[in-house]
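To keep things clear, I will list the structure first and then write my remarks on it.
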Amino acid sequence: MARSPINQLKDNEGIAALVFLILCTLLAFKVSSSVGTSNLAPAVPHAAAPWIFGPFQILLLYLPPWLGALMIPALILVGLAVVPWIAHYWGDKWGRGIFSALFSLVLVLLFWFMVKELWWSHL
Amino acid sequence: MKDNFVNHLRPRFISDRALSVYYTFCLGGLSFLAFLMLGITGILLMFHYQPGTSSGFSSVLTIGSVIPYGSVIRNLHYWSAQLMVVTVNLHMVRVVWTHSYKPPKQLNWLVGVGLLVLVLVLDFTGYLLIGSQESGAAATVAANLLKQIPGLGTALAQIALGEPTALSGSTLIVYVWHCVALPLAAFWLQLYHFWRIRRDGGVRPL
């Protein structure tokens, strides 16, 4: 196996880190993070989850809590955890397929949440 | 043991495949960089943040409008967290795409899934600490969900969230989880993750 001194890896990592830091700094100066609604203000009628937890909110909206917010996320996590063993016993296609299915499900729910919230905010 | 750990984290030579930016896109390293940024900006925020039903939100406002550079530090903390969730997920996709979870790396895959959960919980507790009405709603939903777990639920909700109100999710318990316990767990798990990458043969397809 061909090998190289680790300094070359450090160069790559350094450039990637610099780009990441510049991106973060630009975002920090240009886009302020929301503070939400004061708890002294009148109660808001609708609270949208942060985008990361959008899939949870969608699941909670249409399914009972024990299923939407406990069983399904737990099954997704267990499914992710066993991917190496699925690939080992059933083949790589199955491993990649199970991962893609679970990841796609989360992405679809996230997309659903974003469309719904954009639509909601334009009411 | 110390030499073993350090030499595996930073060996003198590595596989040529590990040098290809287009193979890893440095996503794991960038996630760790985001974690370090979160640590530094988080410590700076801790100097002025006060957890509590009413003090949480008002201290966030103070940081954003009164403390010099407070707004920038908070924004850096926020954006590092958002980007970390993105890079961690993309890192996971890359690992599956290159079959880097295959034996002998399955244990490290499990560690990675654990880290994903920790990152999401850290993000959630960070959201609760804003102390806004929205964070109160999120804390109430989370507490009610945990209480659905038979037997352990109520105790688990108390241990994880304390007693948040519907108008603020900022409690001392969430603060300690977010600032001490969870970051420490994530830090040690990440070091173990990096050590195992080299131990299991480095970044290369099997």
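How big is the Rg/Rh ratio for the range A:49-123, C-alpha atoms only, Rh by Kirkwood, two decimals?
Numbers: Rg = 14.7 Å, Rh = 13.5 Å.
My calculation of the ratio gives 1.09.
Among B:193, A:88, which comes first, second and so on when ranked by fewest other beta-carbon atoms within 10 Å?
A:88, B:193
Across the residues of A:73-85, average count of Cβ atoms on other protein chains within 10 Å? Kindly include the intermediate steps, with their values, before the conclusion.
On the way: counts 3, 0, 0, 0, 4, 1, 0, 8, 7, 4, 9, 12, 4.
Mean shielding by partner chains, rounded to a whole number: 4.
Which of B:175, B:101, A:62 has the fewest other C-beta atoms within 10 Å, and how do the rest follow up to the most? Intermediate values should be presented prior to the final figure.
Working: B:175 20, B:101 24, A:62 9.
Fewest-to-most Cβ neighbours within 10 Å comes out as A:62, B:175, B:101.
Can you give the relative contact order of the range B:52-206 as a percent, counting alpha carbon pairs under 8 Å and 6+ residues apart? Could you put the intermediate results ahead of the total?
Values: 156 pairs, mean separation 46.1, N = 155.
About 30 percent, as a whole number.
Below 8 Å between Cα atoms, with a sequence gap of 6+, how large is the relative contact order for chain A in percent? It would help to have the intermediate numbers written out before the result.
Values: 50 pairs, mean separation 29.1, N = 123.
That works out to 24 percent.
Taking square-rooted eigenvalues a ≥ b ≥ c of the alpha carbon gyration tensor, is the range A:26-91 rounded, prolate or oblate, where a/c under 1.5 means rounded and, failing that, a/b exceeding b/c means prolate? Working shown, then result.
Working: a/c = 4.81, a/b = 1.74, b/c = 2.77.
The shape class here is oblate.
Return the lysines within reach of residue A:93: Cα separation strictly under 23 angstrom, same-chain partners fewer than 8 residues apart disregarded; answer none if there are no such residues.
Cross-link targets: B:102, B:105.
Applying 1/(1 + (r/R0)^6) with R0 = 56 Å to the Cβ-Cβ distance of residue B:185 and residue A:116, what FRET efficiency is obtained, to the nearest 0.05? Each step should come with its number before you reach the end.
Working: r = 34 Å, r/R0 = 0.60.
E between residue B:185 and residue A:116, to the nearest 0.05, is 0.95.
From the P(r) of chain B, can you give the percent of Cα pairs sitting at distances over 33 Å?
On the way: 5339 of 21115 pairs.
Tail fraction, whole percent: 25.
Over the whole of A:48-55, what's the average partner chain Cβ count within 10 Å per residue? Rounded to a whole number, please. Display every interim value, and only then the final one.
Values: counts 2, 6, 11, 2, 10, 7, 0, 0.
Neighbouring Cβ atoms belonging to other protein chains average 5 per residue here.
When the distances between all Cα atoms of the protein assembly as shown are binned every 20 Å from zero, what whole-number percent does each bin get?
Percent of Cα pairs in each bin: 28, 57, 14, 0.
FYI, it's all coordinate maths here, none of it is from the lab. All of these numbers come straight from a predicted model, not from anything done at the bench. Don't worry about glycine lacking a Cβ; one is built from the backbone with ideal geometry, like all the others, and counts go over all protein chains shown.
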